[in-house]
1. Scan region B:179-229 for residues that are without any contact (Cβ under 8 Å) to a residue 60 or more places away in the chain and either part of a helix (DSSP H, G or I) or within 11 Å of the chain's Cα centre (by Cα) (or both) and jot them down.
2. Among the residues of region B:224-241, count how many are hydrophobic (A, V, I, L, M, F, W, C) and within 14 Å of chain A (Cβ to nearest Cβ).
3. Testing A:ASN70 on (1) of a type in the set (S, T, N, Q); (2) over 18 Å from the mean Cα position of the chain (by Cα); (3) assigned by TED's automatic domain parsing to the domain that holds A:SER236; (4) surrounded by 22 or more Cβ atoms within 10 Å (Cβ to Cβ), one condition comes back false. Which one is that?
4. Residue under question is B:GLY204, and the condition is that it be among the small types (Gly, Ala, Ser), under 30 Å from A:ASP171 (Cβ atoms) and modelled with pLDDT under 85; does it hold?
5. Between A:LEU126, A:LEU131, which is touching an Asp or Glu at 6+ places or on another chain (Cβ under 6 Å) and away from chain B (no Cβ under 12 Å)?
6. Just the residues that are among the basic types (Lys, Arg) and under 10 Å from A:LEU168 (Cα atoms), please, taken from region A:192-211.
7. Working carefully through the options B:SER80, B:SER88, B:SER48, find the one that is within 30 Å of A:PRO114 (Cβ to Cβ) and surrounded by 24 or more Cβ atoms within 10 Å (Cβ to Cβ).
Amino acid sequence: MINLFHSGGCHDSCCLKVQNVTVRIGGDRILKDVNLHVHCGQLVALIGPNGAGKSTLLKTLLGEREFDGNIIFSVPGARRAKARIGYVPQTPNFDPGDPVSVADLFNCCLSRRPAFLGASKSDRELILECLDRVHGEDLIDKRVGTLSGGELQRVLLALALEPMPNILILDEPLSGVDIEGQTGLMDMLDEIRRDYDLSILMTTHDFSMLSRYADRVVLIDHEVKCQGTPEEVLGSAEFRTAFRMKEGT
Amino acid sequence: MQLWYALWDALPFELLHWDFMKNALLALLLLAPLFGLLSTMIVTGRMSFFSDALGHSAFTGIAIGCICGLAPTAVAVAFSVAFALLFSWVRSRSNQAADTLIGVFSSTAVALGIFIATLGGGSFTKYNKYLIGDVLSVTPAEIGVLAIVLLCVAVFWVLFGNRLVLVSIHPQLASSRGLKVKTTQTIFTVCIAVVVTLAINWVGLLMLNSLLVLPAASARNVSKNLRQYHGFSVLFALLASLIGLSVSYHLGASTGAAISLCLAVIFSVSFVFRKKVS
């Protein structure tokens, strides 16, 4: 399990520190000595080729992978802090035939009342409040399997934001979403991190959005190859090597 | 039970003047919501084939119980639970597709059951009732057991229903919300194993799977949310049970088969009238 505790270091804001994290699955070393430092309110993008270990790093932060090293969450003024993590999974495919509405999905996750009895008035108000954060109140009675990629990402984002997390982790949130939907989603993430001062860590293959929205970019290929501002990373030799690009492309 | 008998004696229904029919009706009124509820999660979790395999393992357990001179139902419950746990264990450690593993377990269970039942030249005839089932032979004591099982499943549904739905529709999302996916799946598997094994006496192996699949399959055609899904599934199971019992009485056919055919008709109608829900 991840032990998220205060160890000092971030004096003026909360932060997430990943120190020398190594992950092995079977006999293979998927991640080696990964170091990251994410401040609250920052949007950090993890990029890298397929199979580079991006999703493994996210799963490690979620506590689903054994690891060596330290993962530390710290809050100013608190001696000991426990991070609340919100997670939006990759390519969340739901069966279009499942008779599960968006309200049912929220009920299953948030309420003690059995979802098959329907949402109570207070539960429905809470669900509408959550969906309002992502401008998706009109989706409440739709079946989750019939939502478009962009609508589904908004619903899962609203779900990940209740209860409000300290760190929001998104695995490839832009895949399966059209260009208009991508911009809308990134605008929403930008608004949320400013309004709620939470850290956002996301993996993406869409580099066109990075310059506009990301504070920092981390290039991973089983280890951290390069990190910095979007311009620094996208212009680096390591980036070109990782994605087998020629000089000038 | 005396009150139940007196109620139907006072009503002008010829078929319900027989005590065995009154018992069967009461048993079906308990079995229908039981199967209606379980059906929803079996279909959503894509476990239809697995529940069929559990029925086969229950038959094997009964054969072992008979040959060893032990209570067949008790041995069958123990064998089915062991079968379900062993399957879950192998599935979590194998890279084979789930339906392939179910095929392996199911065929092995059937072969073992028939092998044990016919060992030493024994006759298979006495096992026929477990294949076809006979709800008309249910006793008041067995109805009491059914009522307890229904109560337990209803409580389980209230306590674990939300987790089961989340684990069934998106295990990864469930895991990210802190749910223990494998544990939840295993508990549900054991629950099905117990219910299937107890019910095999009355509905029979051949009819069991249709009762575990068709109510929810029909309900999916006309439901937009979980409340409608559960409501229609239980309603369809009840409707098919009552019509099936009546049809089987008047035509002198197997009650289990009549109920299954009624469910098939309900599925066809629901398919025709399925909503374009969004």
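1. If the condition is that a residue be without any contact (Cβ under 8 Å) to a residue 60 or more places away in the chain and either part of a helix (DSSP H, G or I) or within 11 Å of the chain's Cα centre (by Cα) (or both), then B:VAL181, B:THR183, B:THR184, B:ILE187, B:SER210, B:SER218, B:ASN221, B:VAL222, B:ARG227, B:GLN228 are the ones that fit.
2. Within region B:224-241, the first condition is being hydrophobic (A, V, I, L, M, F, W, C), and the residues that meet it are B:226, B:232, B:234-240.
Among the residues that remain, those that are also within 14 Å of chain A (Cβ to nearest Cβ) are: B:226, B:232, B:234-236.
Residues flagged as hydrophobic (A, V, I, L, M, F, W, C) and within 14 Å of chain A (Cβ to nearest Cβ) within region B:224-241 amount to 5.
3. (4)
4. Working: among the small types (Gly, Ala, Ser): yes; under 30 Å from A:ASP171 (Cβ atoms): no; modelled with pLDDT under 85: yes.
So B:GLY204 fails the test.
5. Values: A:LEU126 fails: touching an Asp or Glu at 6+ places or on another chain (Cβ under 6 Å).
The match here is A:LEU131.
6. In the first step, residues of region A:192-211 are kept if they are among the basic types (Lys, Arg); the result is A:193-194.
Residue satisfying the conditions is A:ARG193 alone.
7. On the way: B:SER88 fails: surrounded by 24 or more Cβ atoms within 10 Å (Cβ to Cβ); B:SER48 fails: surrounded by 24 or more Cβ atoms within 10 Å (Cβ to Cβ).
Testing whether each residue is within 30 Å of A:PRO114 (Cβ to Cβ) and surrounded by 24 or more Cβ atoms within 10 Å (Cβ to Cβ) leaves just B:SER80.
Conditions tested, residue by residue: (1) within 29 Å of B:LEU261 (Cβ to Cβ); (2) modelled with pLDDT of 90 or more.
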site: B:LEU34; (1), (2): yes, yes
site: B:LEU54; (1), (2): yes, no
site: B:CYS66; (1), (2): no, no
site: B:SER88; (1), (2): no, no
site: B:ALA97; (1), (2): no, no
site: B:ILE102; (1), (2): yes, no
site: B:LEU119; (1), (2): no, no
site: B:ASN128; (1), (2): yes, no
site: B:VAL138; (1), (2): yes, no
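The values are calculated or read from the model by the stated rules, or taken from the named source; none is laboratory data. Note that the structure is a prediction, hence the values are computed from the model and not measured. Neighbour counts run over all protein chains shown; Cβ positions are idealised from the backbone, glycine included.
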